[in-house]
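The values are calculated or read from the model by the stated rules, or taken from the named source; none is laboratory data. All values reported here derive from a predicted model rather than from experimental measurement. When the accessible area is computed, the model is the full protein with side chains, heavy atoms only, and any ligands, DNA or RNA have been set aside. Shrake-Rupley method; radii C 1.70, N 1.55, O 1.52, S 1.80 Å.
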Amino acid sequence: MRHLLHMASYSSQTNMHARNLAIVWAPNLLRSKDIEATGFNGTAAFMEVRVQSIVVEFILTHVEQLFGDAPLRGTSWPGGGWRG
């Protein structure tokens, strides 16, 4: 989540603010076995993805409150960044 928040900090250049990142990443982060198992399509699938994106956007806009300000675990990658 902190990485996605970091990506959102470049939204003026990429237009990938928290809402857009949530729309793109929510189905992967909050994968729904119900959708996969039943083959939801149309309105039901759209509503499920909509709920997922709202949850991920909320998390992204509240990273510090939810996870605190502890540094990311891991070691520095060559060229910068972190891996956990």
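Table for the structure above
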quantity: Residue, farthest from Gln65 (Cα to Cα), within segment 1-38, restricted to residues that are in a loop (DSSP other than H, G, I, E, B), modelled with pLDDT under 90 and hydrophobic (A, V, I, L, M, F, W, C); calculated: Leu30
quantity: Residues of segment 39-78 that turn out to be at pLDDT below 85 and open to solvent by 90 Å² or more (accessible area, probe 1.4 Å), as a count; calculated: 10
